[in-house]
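First the structure, in the form of structure tokens, and then the observations on it.
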Amino acid sequence: MLQPVQGLILDSAPCRLTPDVSARGFTAAVLSKPAASIEQRHPWLVCAAQLLFTPVLRFPPVSNRQNQIWQAWESMAPKCPQLYLYSSADALIPPSQVQQFQKLQESRNVQIHSKMWTDSAHCEHYRLHPKEYVEQLQQFVHTCGADEL
């Protein structure tokens, strides 16, 4: 814990917390259903959750804290290599959000590694692609100067 961070791995992240993302994630979690089909199967619940999360996320203490967190990510994230594992099929976190954050980190001269799958749901990459996922991790750990996971 006392040694500096050698690498940072983000799986299906990051993304700003919006009413839309919050509503889909919350509804899927409460119903124990996959997020990919939650809007089609339960549109009224997702809509109700969006109505709930909109004022909550706009409430100044919540909004201010979220802004502080993002400012820290944008300016203070470790400048060590970063690996992003994500998917264009993620129903919660848009790949454009992950890519936007990667570009921001690149502008800070951070070494970026990424793998985008086209068929895995949110945080399901290892389940669908275990061999490739582990290979990505092993390559990244090696890049960071460690011998093994």
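The values are calculated or read from the model by the stated rules, or taken from the named source; none is laboratory data. Being a predicted model, the structure only gives us computed values, none of them experimental. For neighbour counting, all protein chains shown are included, and Cβ atoms are generated from backbone atoms with ideal geometry for every residue, glycine included. Ligands, DNA and RNA are stripped out before the accessible areas are found, and what is left, the full protein with its side chains, is counted by its heavy atoms. Shrake-Rupley method; radii C 1.70, N 1.55, O 1.52, S 1.80 Å.
Which one of these does Leu83 not meet: (1) closer than 25 Å to Pro19 by Cα; (2) in contact with a His (Cβ under 7 Å, 6 or more places away or on another chain)?
(1)
Which count do you get for residues in region 121-135 that are open to solvent by 40 Å² or more (accessible area, probe 1.4 Å) and over 16 Å from the mean Cα position of the chain (by Cα)?
So the answer is 7.
Quick check on Gln138: is it of a type outside the set (A, V, I, L, M), assigned to a helix (DSSP H, G or I) and closer than 30 Å to Val46 by Cβ?
no
Please indicate, with yes or no, whether at least one residue in region 67-74 is closer than 30 Å to Ala146 by Cα and in contact with a Lys or Arg (Cβ under 9 Å, 6 or more places away or on another chain).
Here is the first cut: in region 67-74, the residues closer than 30 Å to Ala146 by Cα are 69-74.
Pick out the ones that are also in contact with a Lys or Arg (Cβ under 9 Å, 6 or more places away or on another chain) and you get 70, 74.
Yes: region 67-74 contains one or more residues that are closer than 30 Å to Ala146 by Cα and in contact with a Lys or Arg (Cβ under 9 Å, 6 or more places away or on another chain).
Is there a residue being of a type in the set (Ser, Thr, Tyr) and under 16 Å from Ala77 (Cα atoms) anywhere in region 124-140? Let's see the steps before the verdict.
Just the residues of region 124-140 that are of a type in the set (Ser, Thr, Tyr), to begin with: 126, 133.
Restricting the remaining residues to those that are under 16 Å from Ala77 (Cα atoms) gives none.
No; the residues of region 124-140 include none that is of a type in the set (Ser, Thr, Tyr) and under 16 Å from Ala77 (Cα atoms).
So which of Gln71, Gln66 ends up being out of contact with any strand residue (DSSP E or B) (no Cβ under 7 Å at 6 or more places or on another chain) and without any contact (Cβ under 8 Å) to a residue 12 or more places away in the chain?
Details: Gln66 fails: without any contact (Cβ under 8 Å) to a residue 12 or more places away in the chain.
Just one listed residue meets the conditions, Gln71.
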